[in-house]
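Student: Here it is: the structure, laid out below.
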Amino acid sequence: MSGLLTIPLLWAQAGGATAPNAAAAAPAPPTLNISPQWIPALKWLYLSGDPTFTTPDLQGAVLTWLKALSLLCLIGWIVSWLVIGIKERVVGQGKWFDYIGVAALVLTPISMMLRVLESVKRIPIFSIAGVRTTAIVFFLCVACYIIWIEIALARSVRRSGKKLDGLVIIALHVALVFGLVMGIVLQRIGFLALVLPIPPNFKLTWREGLIYGVRLSGTFMGYFVFLRVLTICLKEIVGVRARRLYSIARLSIYEANRRMWAPWVVLTVFLLVLAFTHWFLQPPRAAEMGRLYVGTLTLLCSILLTVMVTILTPLSLPTDIQQQTIYTVVSKPTRRLELIWGRMIGYMTLVTVLVVVFGGISLAYLWRTVRTTIDNTYAAAEKAKKENRLTEYKLLMEQADQLSTRMSARVPVKGSLSFLDSRGVPHAMGIDVGQDQSMKEPRSHIEGATPSAAIWSFGIVPDPFTPPGRPPIPLDRRIPVSSFLHEGTVESALDKVYNLQAQIDADKATKNQPNLPASRVSQLDASIARNEDELKRARAEYDTLLKKVDDLRTQAAKAQAEGNTAEVKRLREEAALHSSPDILVEMSFNVYRTTKGRVGDPVFAEITARNPRTGREYLGDVFAIKEYYTNRVKLPPWLLAGSNGALRVEIRCMSPTQYLGMAESDLYLLLPPGTFGWNYMKGLFGIWLQAMVLTAIGVCAGTFLSWPVALLTTIFFFVAGQLAFAFLVDFSRQAIMGGGPFESLIRLLTHDNQMSDITPTAGVVLAKTLDSLVMPLMSMLVYVVPNFQALDLSNMVADGYMVSWQTLGVDSLLALAYALPFSLLGYLILKNREVAA
């Protein structure tokens, strides 16, 4: 489904249901004051203009990538022209407008200090005509910056730019005005009240619309600069020749082998570590062997490849420039972009070969160790069964099943989780028992032997975390019914009957509406007649298949009574061909025990599944929760017939005084699994993407830094993106207690804790002022660091889940969003650098 359909269709559900935790007396949600024909345009404007909004599909990822690159190009374009203006001495020479820029620089710390002094209550809050003095100083500072930048850009472009650069400046002003106007328009028609996280009774004014318009303007301005950058690079890109790229890539491969023997060293280390891995890897539980081995092998591949790339790439260009061997290349008709991309292709060719080799060796090793262990465990279980050791048989079978689960490529279908408390009141979260929580996916608990339940809803369902008083945000959690109900089966025929009947009822309801045109009534009559004929054929097909399956099962029961085992097997297999397989549900819950009880006694749960469209319900059996293991329950396939992808699954804890914990991803339906070997190679592709980004960073750093500094720069980017990216984001958003870097330094020196307020001395005020100046800059610079953790697919593979093609596509776009700008930056630096004097 198109990503636009997943945009919050709030205006269409103004009178719909509220979130599960919404109060009964919540205020009425706002509505749009606009004609419905303009709603699609609003969707595209919102999706393409707001840099903070995206959709969870490939279309949203592409637009997010374009918005990020456009904003990056806008900032780089403005800074580059300001630098050119200063170098060409068209600005910064003591002209009248330069004093405006100096005034902006002076007003910046003054405005920040005034805000800090007001926040620590060292000075009272002053207002002029209802506007705070700090706001007046801030807007005056912004106005000075805008005036100086406008004049500097105009003079720089007039002196050194081309006609296209002048047209870009005009286009930037048009985009600025358009964004501001659209921000006010969106506020006037009530759109901002639907999408912005504001209190229910808060009334938006034109000021909020203007601020939101600035956000839209920045994105639209970035699009024009992005087009200009494309025109600059287009000539260079068109002039790139595959033969020259191949020659430079081959030269890079020869250098990597001749100078350091890097691929052979990496392969040797991999084999040495792999030879003794099984000596040191001891899983905490037998069922965790597969996850431990897969995670260790992917980690080993990641470390070796990223270390090789981190060392090789920043040394290449600086060494050639230092030894003057690059002169023989740049003196020939070779483009600077070919130097950058050719080296990247050469190094990535080495990485590709090593990834394939590592993947093949790792799969052979996993087959020899884990797969052999699975087979031996199954054999031991069968032996225990023959010797009537049933307890040991169940334990061994459970271990083998869990090992097989990790060595597979499961395809889960997940729903949306909400809760009922002990009084039956719906909530978005369950009971918090005080355990450590993961902010990415928090866990909640339900109380045993009470009406409390955990509910997984499938279909187009409202987001349970929608704020009270706001229209529910629809989530697409539909089940692919055709993947579970196979064509030519009884359940598939029944699903067709339900769908045709629903279509007939919908057409009849539409026909009964008043003031319908005669042409529309005729269309509905024809549709009803056509669907009724189709419904008769579908019912006849269903009755035929059902009778055939019932006859086969009756014959199988008769043959079993006669002891004819071969005939029973044949009849059951034939009946299974006309029936869809059971729906497998996997669950992994945890238990919070409040009483000791008897050691070894399990906690029991009950599952109930209901089709909300047909009303058919399945009451499952009570089952024991297997802690640290995966529970499996089978649902009948007829439950999905006529569901249109909707289903409601409820879990209740049956053991009194106990609490059952779960997260949204702890219960899912399973589609037919994929191949583990192919899935493992997909996981290694994530490592390949990380190496590509590191290669671009290393080559870019080598264009203007000496090799030691370029090496340290590449290492910094890798460590920051792999280990500290989440911390850097939280730090830039000031989500960490203790304030910014300067305030944290004062707390460290004075031994003050992070929770308490520190005395607003002159040093503290100065530190907070510096933090106010530094933190906005850091909040932008932090996203220059690549998020390597987002490209890591090893945990998904180690847990036995399929890496979808959509995930690979999104990760590839993310990697390109970092690698492409770094490579183009290296090209621009190398283009303006004299390397062949």
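The values are calculated or read from the model by the stated rules, or taken from the named source; none is laboratory data. Since we're looking at a predicted model, the values are computed, not measured. All Cβ positions, even for glycine, are placed from backbone atoms using ideal geometry, and neighbour counts span all protein chains on display. Just the protein is used for accessible areas: all its heavy atoms, side chains included, with ligands, DNA and RNA removed. Shrake-Rupley method; radii C 1.70, N 1.55, O 1.52, S 1.80 Å.
Student: Filter region 683-721 down to the residues that are assigned to a helix (DSSP H, G or I) and of a type in the set (Ser, Thr, Tyr) and list them by number.
Tutor: Matches in region 683-721: 695, 713, 714.
Student: Can you name the number of the only condition in (1) aliphatic (A, V, I, L, M); (2) within 25 Å of the chain's Cα centre (by Cα); (3) open to solvent by less than 70 Å² (accessible area, probe 1.4 Å) that residue 723 fails?
Tutor: Only one criterion is unmet by residue 723, namely (3).
Student: Looking at 306, 349 in this structure, which one is touching a Leu at 6+ places or on another chain (Cβ under 7 Å), in contact (Cβ under 8 Å) with a residue 12 or more places away in the chain and part of a helix (DSSP H, G or I)?
Tutor: Answer to the selection: 306.
Student: Just for helices (runs of 4 or more DSSP H) wholly inside region 198-284: which have at least 3 residues that are in contact (Cβ under 8 Å) with a residue 12 or more places away in the chain and surrounded by 15 or more Cβ atoms within 10 Å (Cβ to Cβ)?
Tutor: Passing ranges, in order: 206-238, 242-255, 262-275.
Student: Right, another one. Would you call residue 455 open to solvent by less than 20 Å² (accessible area, probe 1.4 Å), in a loop (DSSP other than H, G, I, E, B), touching a residue at least 60 places away in the same chain (Cβ under 8 Å) and closer than 23 Å to residue 584 by Cα?
Tutor: Taking the combined requirement at face value, the residue does not satisfy it.
Student: While we're on this one: Go over the candidates 147, 136 one by one and state the one that is in contact with a strand residue (DSSP E or B) (Cβ under 7 Å, 6 or more places away or on another chain) and closer than 20 Å to residue 211 by Cα.
Tutor: The match here is 136.
Student: What's the number of the condition residue 708 fails, among (1) surrounded by fewer than 17 Cβ atoms within 10 Å (Cβ to Cβ); (2) closer than 20 Å to residue 794 by Cβ?
Tutor: (2)
Student: If you don't mind, there's one more thing I want to ask. Name the one entry in 497, 481, 490 that is in contact with a Gly (Cβ under 8 Å, 6 or more places away or on another chain), surrounded by 15 or more Cβ atoms within 10 Å (Cβ to Cβ) and either within 26 Å of residue 673 (Cα to Cα) or modelled with pLDDT under 90 (or both).
Tutor: Going through 497, 481, 490 in turn, just one is in contact with a Gly (Cβ under 8 Å, 6 or more places away or on another chain), surrounded by 15 or more Cβ atoms within 10 Å (Cβ to Cβ) and either within 26 Å of residue 673 (Cα to Cα) or modelled with pLDDT under 90 (or both): 481.
Student: Find all pairs meeting these conditions: Cβ atoms under 6 angstrom apart; at least six residues apart or on different chains; first residue within region 383-412 and over 20 Å from residue 625 (Cβ atoms); second residue open to solvent by 40 Å² or more (accessible area, probe 1.4 Å) and among the acidic types (Asp, Glu).
Tutor: What qualifies is 384/392.
Student: Would you pick out the residues in region 309-341 that are in contact (Cβ under 8 Å) with a residue 12 or more places away in the chain, of a type outside the set (Val, Ile, Thr), part of a helix (DSSP H, G or I) and out of contact with any helix residue (DSSP H, G or I) (no Cβ under 7 Å at 6 or more places or on another chain)?
Tutor: 322, 327
Student: Kindly list, by first and then second residue, each pair from a residue in region 112-128 that is at positive phi to a residue that is open to solvent by 30 Å² or more (accessible area, probe 1.4 Å), limited to pairs with Cβ atoms under 9 Å and residues at least 6 apart or on different chains.
Tutor: The qualifying pairs are 121/760.
Student: Of the conditions (1) in contact with a Pro (Cβ under 7 Å, 6 or more places away or on another chain); (2) within 22 Å of residue 412 (Cβ to Cβ), residue 472 satisfies every one except a single condition; which number is it?
Tutor: Every listed condition holds for residue 472 apart from (2).
Student: Can you name the residue in region 77-93 that is without any contact (Cβ under 8 Å) to a residue 40 or more places away in the chain and of a type in the set (D, E, K, R) and is also most open to solvent (accessible area, probe 1.4 Å) among such residues?
Tutor: Looking at the filtered set, the residue picked out is 89.
Student: State the number of residues belonging to region 652-686 that are open to solvent by 10 Å² or more (accessible area, probe 1.4 Å), more than 30 Å from residue 593 (Cα to Cα) and under 19 Å from the mean Cα position of the chain (by Cα).
Tutor: 2
Student: Within region 431-449, does at least one residue satisfy the condition of being open to solvent by 40 Å² or more (accessible area, probe 1.4 Å), within 14 Å of residue 652 (Cβ to Cβ) and not in a loop (DSSP other than H, G, I, E, B)?
Tutor: Yes - at least one qualifying residue is present in region 431-449.
Student: If you don't mind, another one. Would you mind listing the strands (runs of 3 or more DSSP E) fully within region 586-667 where at least 2 residues are over 21 Å from residue 464 (Cβ atoms)?
Tutor: 590-593, 604-610, 617-624, 631-635
Student: Do we find that residue 261 is on the phi > 0 side of the Ramachandran plot and more than 33 Å from the chain's Cα centre (by Cα) in this structure?
Tutor: Numbers: on the phi > 0 side of the Ramachandran plot: yes; more than 33 Å from the chain's Cα centre (by Cα): yes.
Criteria met by residue 261.
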